Amino acid sequence: MSKGLPKRSEDYSAWYNELVQKADLAENSPVRGCMVIKPYGYTIWEKMQRALDDMFKETGHTNAYFPLFIPKSFLSKEASHVEGFAKECAVVTHYRLKNAPDGSGVIVDPEAKLTEELIVRPTSETVIWSTYKNWIQSYRDLPVLVNQWANVVRWEMRTRLFLRTTEFLWQEGHTAHATADEAVAETKQMLEVYATFAEDWMALPVVRGVKTANERFAGAEDTYCIEALMQDGKALQAGTSHFLGQNFAKAFDVQYTSKEGKLDYVWGTSWGVSTRLMGALIMAHSDDEGLVLPPKLAPIQVVIVPIFKGTEQLATITEKIQPLVKELKSKGISVKFDNRDGNSPGWKFAEYELKGVPVRVAIGPRDLENGTAEVARRDTKEKKVYSMDNLASQIEGLLADIQQNIYQKAQTFRAANTTKVETYDEFKQMLDEKPGFVLAHWDGTSETEERIKEETKATIRCIPLDAPAEEGKCIVTGKPSSRRVLFARAY
RNA sequence: CGGGGUGUAGCGUAGUCAGGUUAGCGCGCCACAUUUGGGAUGUGGAGGCCGCAGGUUCGAAUCCUGCCACCCCGACCA
């Protein structure tokens, strides 16, 4: 392991790429744009999955699994959906290989051509709605509240570990309802689940909002989203929840008979978060020394580093810390005792900082004499000597404190980098000099939105749900506006 | 997909312009010794189809052609 990361202030992008790799989260694979998620990184993803999955279950959803392949014809049934995804689909055309006649390896068997090509799912609305047609006949069959954990493929032009990969892992919820109101309520409920997860687990403050028509999901009536601010002042869309109206029900002919005996199309939603959340987690909190992980998602919450000379001293320390290890585990805290010889304590300190372990406990001869331990927290780098008595409780409190502190820190950062502007000049100046969220008045037209995007690369991230009504003038056209919208340059 | 750049040991690199012994260095790795409270030191050792495939040449990491991957800037996007 080579020392040091690039500095965030010098090359944010290089810092991110190297951090992901040096902290053992993920690496590039032999396949373009696809990543290998390494055990340490995957453990974080598993923790995210578990927390989210519990929240989905609490809100009445159950998991199911739909196929990876989608018949090509399915994709053409919802017009705007095709338009949104057609350009980035991987297509399966054959089902067999054979040995090359010249012995050079294997080739695609031209005789094994599929009569209908299969699309590797970029998202599962079509295959799921074609299934829902068979599941739903009556109002008694509604609502259908299903989620699936899956991988999807989108043939992106430019990829970055976690932020945009050709294949990525995610969950996609797909629900069907008898009324529009109920579907809208579901859409909003799941947005709130995502926001709560981001804030309580990832320690990531997010803006809840609605996308403009331009930024809406292909096939949705409304797209709700959570938007987070990264340390370089760029926005990251962290999750979306779509109100699909009756679009997919109509495309796949999913109708139900109501209590009153009337036939109608059902109302749908879909919502998802992906391994992109890993990117958000990394970029939101980490520093030039490495990852800073919120305790609730850290694979290792506490690492114990013994400082010793010779096996005898190590044995003494090992014995001494057993009660602590046991007590931490009984509190559900994941703890690692790093008794490796051959790496110096200093080396280990740097290593666990790189990997973002929230709390480090060091115990050496000095502590053995005094009945103490040195406890260092990753978020502030603060070190304190504690008595071994009652140390587990101290650490438990410290973990909660760290979780809270990094959330506060992210919130303070966001507040400091969210600015209201009144004119277009001010807007442009702000984006260049102090990148971040910019709240400004907009006349509500796609033309103005497009123009701003073209001229400044900033997009409307969302119309915040909590935006207060405020009379103003569009920064570009001067036309009246009734509330501010959230602009930023985005990932 | 367009423009620019880069591929030499696990990682970082010298050498490429101007072809010529056995491809050099640092980190890491292995062994031993001394060390260990912020990335230890010494000695010895292992590790290379020079991105891949063709070509030119007596001879290619070096020149030519094609391909692949990664990085940066655009267009596209969770």
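The values are calculated or read from the model by the stated rules, or taken from the named source; none is laboratory data. Since the model is a prediction, treat every value here as computed from it, not as a measurement. Don't worry about glycine lacking a Cβ; one is built from the backbone with ideal geometry, like all the others, and counts go over all protein chains shown. The area values use the complete protein model at the heavy-atom level, side chains included, leaving out ligands, DNA and RNA. Shrake-Rupley method; radii C 1.70, N 1.55, O 1.52, S 1.80 Å.
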Top to bottom by accessible area (1.4 Å), largest first, where do A:Y95, A:Y407 land?
A:Y95, A:Y407
Which residues' amide hydrogens lie under 5 Å from the amide hydrogen of A:N63, considering only partners 5 or more residues apart or on another chain, with H built in the peptide plane?
A:N147
Accessible area per residue, 1.4 Å probe, Å², for chain A: what's the number?
46 Å²
Run the count for region A:418-488, please: Lys pairs, Cα-Cα under 16 angstrom, 8 or more apart or on different chains.
6
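What size of dipole, in debye to the nearest 20, comes out for region A:1-67 about its Cα centre when the only charges are +1 on Lys and Arg C-beta atoms and -1 on Asp and Glu C-beta atoms? Display every interim value, and only then the final one.
Numbers: 9 positive and 9 negative charges, 32 e Å.
For region A:1-67, the charge dipole is close to 160 debye.
Counting Lys and Arg as +1 and Asp and Glu as -1, each charge on the Cβ, what is the dipole of region A:84-171 about the Cα centre in debye, to the nearest 20?
Numbers: 11 positive and 10 negative charges, 61 e Å.
That gives a dipole near 300 debye.
Using R₀ = 60 Å, calculate the FRET efficiency as 1/(1 + (r/R₀)^6) where r is the Cβ-Cβ separation of A:Q255 and A:K98; round to 0.05. Could you put the intermediate results ahead of the total?
Numbers: r = 46 Å, r/R0 = 0.77.
Efficiency at R0 = 60 Å is approximately 0.85.
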What is the Cα centroid distance between region A:52-80 and region A:156-174, reported in whole angstrom?
16 Å
Between A:D432 and A:M157, what is 0.36 nm times their sequence separation minus the Cα-Cα distance? Round to one decimal in nm.
96.4 nm
At a probe size of 1.4 Å, how large is the accessible area of A:W135, to the nearest 10 Å²?
110 Å²
Residue by residue, what Karplus-based ³J(HN,Hα) values in Hz, rounded to whole numbers, does region A:126-141 have, using 6.51, -1.76 and 1.60 with θ = phi - 60° and x for Gly and Pro?
5, 5, 6, 5, 5, 6, 4, 3, 7, 8, 10, 10, 10, 4, 5, 7
Could you tell me the accessible area of A:Y40 in Å² (1.4 Å probe, neighbours in place), rounded to the nearest ten?
30 Å²
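Given just the C-alpha atoms of region A:430-491, how large is their convex hull per residue in cubic angstrom? Don't skip to the end; give the middle numbers.
Values: hull volume 5.4 nm³, N = 62.
Output value, Cα hull per residue: 86 Å³.
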State, to one decimal in nm, how far the label point of A:S330 lies from the label point of A:A180, with both points 7 Å from Cα in the Cβ direction.
5.9 nm
Using a 1.4 Å probe over the heavy atoms of the protein chains, calculate the carbon and sulfur portion of the accessible area of chain A as a whole percent.
50 percent
Counting only protein chains, not ligands or nucleic acids, how are A:W201, A:W267 ordered by accessible area (probe 1.4 Å), most first?
A:W201, A:W267
Given unit charges at Cβ for Lys, Arg (+) and Asp, Glu (-), the dipole magnitude of chain A about its Cα centre in debye, nearest 20, is 640 debye
Could you pull out every one of the lysines with an alpha carbon less than 20 Å from that of A:K87, ignoring same-chain neighbours closer than 8 positions?
A:K72, A:K77
Given the whole protein assembly as supplied and a 1.4 Å probe, what does the accessible area of A:S76 come to in Å², nearest 10?
80 Å²
Excluding residues fewer than 8 positions from A:K355 in its own chain, the lysines with Cα under 22 Å of it are A:K3, A:K7, A:K22, A:K38, A:K47, A:K296, A:K329, A:K336, A:K381, A:K383, A:K384, A:K409
Assuming 1.306 mPa s and 10 °C, estimate D for chain A with Stokes-Einstein, Rh taken as the Kirkwood radius over Cα pairs, in µm²/s.
63 µm²/s
Loop only by DSSP, 10 or fewer other Cβ within 10 Å of the Cβ. Give me the GluC sites (Glu not before Pro) in region A:373-433 that pass, ordered by residue number.
A:E382
Please give the per residue volume of the convex hull enclosing the alpha carbon atoms of region A:184-232, rounded to a whole number of Å³.
85 Å³
Going by a ≥ b ≥ c, the root eigenvalues of the Cα gyration tensor, does region A:389-443 fall in the rounded group (a/c under 1.5), the prolate group (a/b larger than b/c) or the oblate group?
prolate
Neighbours of A:Q403 by Cβ distance under 15 Å: Lys/Arg at +1, Asp/Glu at -1, summed charge +1
For region A:381-482, what relative contact order do you get, as a whole percent, if you take Cα pairs closer than 8 Å and at least 6 residues apart?
22 percent
Given N residues in region A:295-406, what is its alpha carbon radius of gyration divided by 2.2 N^0.38 Å?
0.99
³J(HN,Hα), Karplus 6.51/-1.76/1.60, whole Hz, each residue of region A:354-369, x for Gly, Pro:
4, 8, x, 5, x, 10, 10, 10, 10, 10, x, x, 4, 6, 4, 5
May I ask you to evaluate 6.51 cos²θ - 1.76 cosθ + 1.60, the Karplus curve with θ = phi - 60°, for each residue of region A:466-474 and list the ³J(HN,Hα) values in order in whole Hz, giving x for glycine and proline?
9, 5, x, 4, 7, 6, x, 10, 4
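Pull up the DSSP beta bridges for chain A and report the antiparallel fraction as a percent, rounded to 5.
Of all bridge pairs located within chain A, approximately 85 percent are antiparallel.
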Trypsin sites (Lys or Arg not before Pro) within region A:412-460: DSSP coil, no more than 14 neighbouring Cβ in 10 Å:
A:K457
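May I ask you to derive the relative contact order of chain A, considering only C-alpha pairs under 8 Å and at least 6 residues apart, and to give it as an integer percent? The partial results should precede the final answer.
Values: 959 pairs, mean separation 65.9, N = 491.
Relative contact order, chain A: 13 percent.
Please work out whether region A:97-186 counts as rounded, prolate or oblate from its C-alpha gyration tensor, where a ≥ b ≥ c are the square roots of the eigenvalues and a/c under 1.5 means rounded, while otherwise a/b larger than b/c means prolate and anything else oblate?
Numbers: a/c = 4.33, a/b = 1.89, b/c = 2.28.
Cα axes put region A:97-186 in the oblate bin.
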Could you pull out the chymotrypsin sites (Phe, Trp or Tyr not before Pro) across region A:344-382 that fall in loop regions by DSSP (anything but H, G, I, E, B) with no more than 11 other Cβ atoms inside 10 Å?
none
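To the nearest 500 deg cm²/dmol, what mean residue ellipticity at 222 nm is calculated for chain A from DSSP H runs of n ≥ 4 alone, each contributing -39,500 (n - 2.57), summed and divided by the residues?
Details: 14 runs with 173 residues, N = 491.
Value at 222 nm, helices only, nearest 500: -11000 deg cm²/dmol.
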Point-to-point label distance, A:K383-A:K457, nm (Cα→Cβ direction, 7 Å offset):
4.1 nm
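Please give the contour-minus-distance gain from A:K133 to A:N370: 0.36 nm per residue of separation, less the Cα-Cα distance, rounded to one decimal in nm.
So the extension gain works out to 78.2 nm.
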